[in-house]
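Participant: Once you've had a glance at the structure underneath, I'll fire off some questions.
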Amino acid sequence: MSTLDRIKSVFQTSSTLLGGDVQADRVVPPSGFTSTLTLFTSAAMAFLAVFALALSLATGRLADRWASELAQSSTVRISAPAEELDLQTRAAQEVLRTTPGVARSRILSDEEQRLLLEPWFGPDLPVEDLPIPRLIEVVEDADGIDAEGLRQRLAAEAPGAFLDDHTRWRKPLVEAAARLRLLGWVALALIAASTAAMITLAARAALAATSQEIRVTRLVGATDVYIARAFVRRFTLRSLIGATAGMVVGTLAILLLPSASEEGGFLTGLGFQGWHWLWPLVIPPLSALVAFIATRQAALRMLKEVT
């Protein structure tokens with residue numbers, strides 16, 4: 001079969017999906033385990049695809065937020081004897097004030113430090129009586145700072161000051177979020193492959209069960225492409241219906257998840273946001289496309305084996 005003939009055959013098969021052919025449809029079992037299997041598989045895979053898509057998009061937002069927010073903030077920790085703490089704090093503040101790339105710096109109060117330590121030590125921690133390092137919050141501008149140069153200046157002017165630019169734990173967090181996003185897309189690919197495999201098995205089972213009808217249809221002049229169109233139409237529509245149902249249930253389940261909040265962090269931000277709510281609508285057509293390709297290939301291959 002030439003390329004032109006293949007394109008023409010695919011176009012004819014696609015147009016038949018809408019109009020159908022009553023005579024050809026009689027070859028395909030209207031019900032049975034193949035019909036149930038196709039509907040259930042498409043619905044289940046679409047349901048899982050909604051969550052895989054939500055996970056991928058949520059981790060993408062998380063990685064972008066961590067990369068942008070943490071990259072523009074640093075902390076200067078000052079550990080010095082009590083009689084030198086104020087002096088070194090002022091010296092560190094002066095260094096920060098004259099450092100290019102520093103938008104602003106601010107010394108954290110005792111109350112703010114108490115709130116930072118409260119999850120670990122409780123609300124009654126006597127911060128003012130403990131040798132806790134003084135913390136200076138540093139906010140960088142768009143150009144950023146020369147971290148190594150700032151460390152050297154702090155070491156010269158305030159020996160007890162240490163710059164933490166969050167690189168140690170920012171990079172692993174961003175990498176972890178990026179890998180979760182990748183796993184989400186890999187899960188979507190596996191879902192599509194599993195859907196194709198299950199629909200292929202269902203189509204081959206239906207073809208094997210109707211081998212006698214296929215032989216009779218051939219005797220009256222039907223071609224393999226003509227017979228394949230009936231199977232493609234039935235299985236594609238079943239997949240579309242099942243995937244739509246699974247997508248709707250999955251989207252409703254996402255709606256029931258807690259909304260994003262600072263207290264819950266990542267675990268409460270797994271839903272869609274903004275125009276991302278349109279993404280689940282893509283799942284049913286893609287499922288139908290997978291069913292179309294899988295059924296057509298399986299039908300044409302199986303029909304060659306039926307004599």
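Participant: Residues that are within 30 Å of Leu135 (Cα to Cα) and outside the structural domain of Val290 (by TED's automatic domain parsing): find the helices (runs of 4 or more DSSP H) completely inside the range 159-257 holding 1 or more of those.
Facilitator: Values: elements: 167-209, 211-219, 224-255.
Helices (runs of 4 or more DSSP H) meeting the threshold: 167-209.
Participant: Can you find a residue in the range 17-33 that is modelled with pLDDT of 55 or more and in a helix (DSSP H, G or I)?
Facilitator: Yes: the range 17-33 contains one or more residues that are modelled with pLDDT of 55 or more and in a helix (DSSP H, G or I).
Per-residue answers, yes or no, for (1) modelled with pLDDT of 80 or more; (2) surrounded by 19 or more Cβ atoms within 10 Å (Cβ to Cβ); (3) in contact with a Pro (Cβ under 7 Å, 6 or more places away or on another chain):
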{"residue": "Leu130", "(1), (2), (3)": "no, no, no"}
{"residue": "His166", "(1), (2), (3)": "no, no, no"}
{"residue": "Arg170", "(1), (2), (3)": "no, no, no"}
{"residue": "Leu182", "(1), (2), (3)": "yes, no, no"}
{"residue": "Trp185", "(1), (2), (3)": "yes, no, no"}
{"residue": "Ile191", "(1), (2), (3)": "yes, yes, no"}
{"residue": "Ala197", "(1), (2), (3)": "yes, no, no"}
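Participant: Among the candidates Thr59, Thr38, single out the residue that is over 26 Å from Asp146 (Cα atoms) and either modelled with pLDDT under 85 or among the charged types (D, E, K, R) (or both).
Facilitator: Values: Thr38 fails: either modelled with pLDDT under 85 or among the charged types (D, E, K, R) (or both).
On inspection, the qualifying residue turns out to be Thr59.
Participant: Taking the conditions exactly as written (part of a helix (DSSP H, G or I), at pLDDT 85 or above, within 18 Å of Ile199 (Cα to Cα) and under 16 Å from the mean Cα position of the chain (by Cα)), does Ile283 satisfy them or not?
Facilitator: Working: part of a helix (DSSP H, G or I): yes; at pLDDT 85 or above: yes; within 18 Å of Ile199 (Cα to Cα): yes; under 16 Å from the mean Cα position of the chain (by Cα): yes.
Spelling it out, Ile283 is indeed part of a helix (DSSP H, G or I), at pLDDT 85 or above, within 18 Å of Ile199 (Cα to Cα) and under 16 Å from the mean Cα position of the chain (by Cα).
The values are calculated or read from the model by the stated rules, or taken from the named source; none is laboratory data. Only a predicted model underlies this, so the values are computations on that prediction, with no experimental measurement involved. So basically every Cβ, Gly included, is an ideal-geometry build from the backbone, and we count neighbours across all protein chains shown.
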